[in-house]
Amino acid sequence: MASSELATVSLWHRLLNDGEIEQLIALIDPDVEVGGPRGSGHGAALFRQWFGRAGVRLTPLRYFHRKSVVVVEQEGEWQPPTSDQPAGRQRLATVFTLSGGSITRIVRFPALLDALEAAGVTDAEEAPGAG
């Protein structure tokens, strides 16, 4: 993994999947934008709420990188808090924007092409070996 942006986003996934909320909070900007199918908002408190209710595990499949933007194609698996069985799986993509070593924007999209288009990144900008 060549860039600090890719390394930060890779670490974000590991911490998310390990349930390390305090370390995740340390990676994001206090006014981080968090967005997805239900809209978007700002702030570390919003991110903390999302983390507490989402019950999601995101497995990175492919990374795409241009300057301060990283797009990650992921396999998402949702785990309800009252069950040992996943509630569902879905392939999706997330756009991360970074500034000064912090993640300033995290926006989920239903498909990789949607995320790449929104981020202004092309599939030619795939980061080989990063996934």
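Values in this text are rule-based calculations from the coordinates and carry no lab data. Because the structure is a prediction, the values reported are computed rather than measured. Every residue, glycine as well, gets a Cβ built from its backbone with ideal geometry; the counts of neighbours run over all protein chains shown.
Some values worked out for this structure:
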{"item": "Gap separating the Cα centres of segment 2-40 and segment 42-60, nearest whole Å", "result": "9 Å"}
{"item": "log10 of Debye I(q)/I(0), alpha-carbon scatterers only, for the chain at 0.12, 0.14, 0.21, 0.22 Å⁻¹", "result": "-0.41, -0.57, -1.36, -1.49"}
{"item": "Point-charge dipole on Cβ atoms (K/R +1, D/E -1) for the chain, about Cα centre, debye to 20", "result": "200 debye"}
{"item": "Positive-pole candidate from Leu27, Ser102, Ala44, dipole of segment 4-125, charges at beta carbon", "result": "Ala44"}
{"item": "Sequence-separation-based contact order of the chain, relative, with Cα cut under 8 Å and 6+ spacing, percent", "result": "25 percent"}
{"item": "Local electrostatic count, Pro60, Cβ distance below 10 Å [Lys/Arg +1, Asp/Glu -1]", "result": "0"}
{"item": "Projected area averaged over orientations for segment 15-65, convex hull of C-alpha atoms, nm²", "result": "4.2 nm²"}
{"item": "Highest to lowest packing among 92-104, 37-49, scored as the average C-beta count within 10 Å", "result": "92-104, 37-49"}
